[in-house]
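Trainee: This is the structure I want to talk about, given as C-alpha coordinates.
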Amino acid sequence: MLQDYVNKKSAETPREIKVLDKPKGKMTIECDEMWSFVENKENKQWIWLALDTKTREIVGVYVGDLGYQLSYI
(Lines give C-alpha, C1' and ligand atoms only; values in the text may rest on other atoms or scores of the structure.)
Protein backbone atom coordinates (compact mmCIF):
# COMPACT_ATOMS: atom_id res chain seq x y z
CA MET A 1 0.00 0.00 0.00
CA LEU A 2 1.29 3.45 -0.87
CA GLN A 3 0.71 4.90 2.61
CA ASP A 4 2.75 2.09 4.21
CA TYR A 5 5.62 2.84 1.82
CA VAL A 6 5.48 6.58 2.58
CA ASN A 7 5.37 5.92 6.34
CA LYS A 8 8.38 3.58 6.11
CA LYS A 9 10.42 6.07 4.08
CA SER A 10 9.48 8.88 6.45
CA ALA A 11 10.63 6.84 9.46
CA GLU A 12 13.95 6.10 7.71
CA THR A 13 14.62 9.74 6.80
CA PRO A 14 17.08 11.53 9.10
CA ARG A 15 15.49 14.43 10.99
CA GLU A 16 18.61 16.56 10.57
CA ILE A 17 20.02 17.28 7.16
CA LYS A 18 23.27 18.87 6.08
CA VAL A 19 22.85 21.86 3.82
CA LEU A 20 25.80 22.75 1.65
CA ASP A 21 26.89 26.38 1.54
CA LYS A 22 25.87 28.15 -1.64
CA PRO A 23 27.67 31.03 -3.27
CA LYS A 24 26.16 34.42 -2.49
CA GLY A 25 24.42 36.17 -5.31
CA LYS A 26 21.32 36.18 -7.43
CA MET A 27 19.09 33.11 -7.41
CA THR A 28 16.37 32.40 -9.92
CA ILE A 29 13.51 30.34 -8.58
CA GLU A 30 10.65 28.45 -10.16
CA CYS A 31 7.43 27.84 -8.23
CA ASP A 32 5.35 24.74 -8.75
CA GLU A 33 2.01 23.91 -7.19
CA MET A 34 -0.28 20.95 -6.79
CA TRP A 35 -3.39 20.27 -4.79
CA SER A 36 -5.41 17.39 -3.45
CA PHE A 37 -8.49 16.74 -1.38
CA VAL A 38 -7.76 15.60 2.19
CA GLU A 39 -10.44 13.42 3.78
CA ASN A 40 -13.30 15.05 1.82
CA LYS A 41 -13.91 17.31 -1.18
CA GLU A 42 -14.46 20.37 1.02
CA ASN A 43 -10.86 20.15 2.33
CA LYS A 44 -8.69 21.09 -0.64
CA GLN A 45 -4.99 21.43 0.33
CA TRP A 46 -2.18 22.93 -1.70
CA ILE A 47 1.54 22.22 -1.89
CA TRP A 48 3.76 24.96 -3.27
CA LEU A 49 7.46 24.38 -3.94
CA ALA A 50 10.08 27.00 -4.72
CA LEU A 51 13.01 25.50 -6.63
CA ASP A 52 16.41 26.92 -7.49
CA THR A 53 16.39 26.69 -11.30
CA LYS A 54 20.12 25.96 -11.50
CA THR A 55 20.44 23.19 -8.88
CA ARG A 56 16.75 22.06 -8.69
CA GLU A 57 17.03 22.25 -4.89
CA ILE A 58 13.87 23.02 -2.96
CA VAL A 59 14.43 26.40 -1.31
CA GLY A 60 10.91 26.98 -0.01
CA VAL A 61 7.72 25.06 0.66
CA TYR A 62 4.14 25.83 1.68
CA VAL A 63 1.46 23.25 2.56
CA GLY A 64 -2.06 24.35 3.42
CA ASP A 65 -5.21 25.88 2.09
CA LEU A 66 -5.17 28.46 -0.68
CA GLY A 67 -5.83 31.55 1.39
CA TYR A 68 -5.67 35.24 0.58
CA GLN A 69 -2.20 35.62 2.11
CA LEU A 70 -0.69 32.95 -0.17
CA SER A 71 -1.24 35.06 -3.27
CA TYR A 72 1.45 37.47 -2.03
CA ILE A 73 4.22 34.86 -1.55
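Trainee: Quick one: in the stretch 1-49, of everything that is in a strand (DSSP E or B) and among the basic types (Lys, Arg), which residue is nearest to the chain's Cα centre (by Cα)? Working first, answer last.
Mentor: From the stretch 1-49, those in a strand (DSSP E or B) are 29-38, 40-49; that's our starting set.
Those still in the list that are among the basic types (Lys, Arg) too: 41, 44.
Working: Lys41: 22, Lys44: 16 Å.
Checked the stretch 1-49; the qualifying residue nearest to the chain's Cα centre (by Cα) is Lys44.
Trainee: Please go through (1) modelled with pLDDT under 85; (2) in a loop (DSSP other than H, G, I, E, B) for Leu70 and return the number of the only condition it doesn't satisfy.
Mentor: (2)
Trainee: Of (1) surrounded by 10 or more Cβ atoms within 10 Å (Cβ to Cβ); (2) at pLDDT 85 or above, Thr28 satisfies all except one. Which?
Mentor: Failing condition for Thr28: (1).
Trainee: Just to verify a result, which residue in the stretch 50-67, among those that are part of a loop (DSSP other than H, G, I, E, B) and at pLDDT 85 or above, is nearest to Lys18 (Cα to Cα)?
Mentor: Filtering the stretch 50-67 for residues part of a loop (DSSP other than H, G, I, E, B) gives 53-57, 65-67.
Then keep just the ones that are at pLDDT 85 or above; that gives 53-57.
On the way: Thr53: 20, Lys54: 19, Thr55: 16, Arg56: 16, Glu57: 13 Å.
In this case the residue turns out to be Glu57.
The values are calculated or read from the model by the stated rules, or taken from the named source; none is laboratory data. What you see is a predicted model, and the numbers here were worked out from it, not measured in a lab. Here the Cβ is made from the backbone with ideal geometry for all residues, glycine too, and neighbour counts use every protein chain on show.
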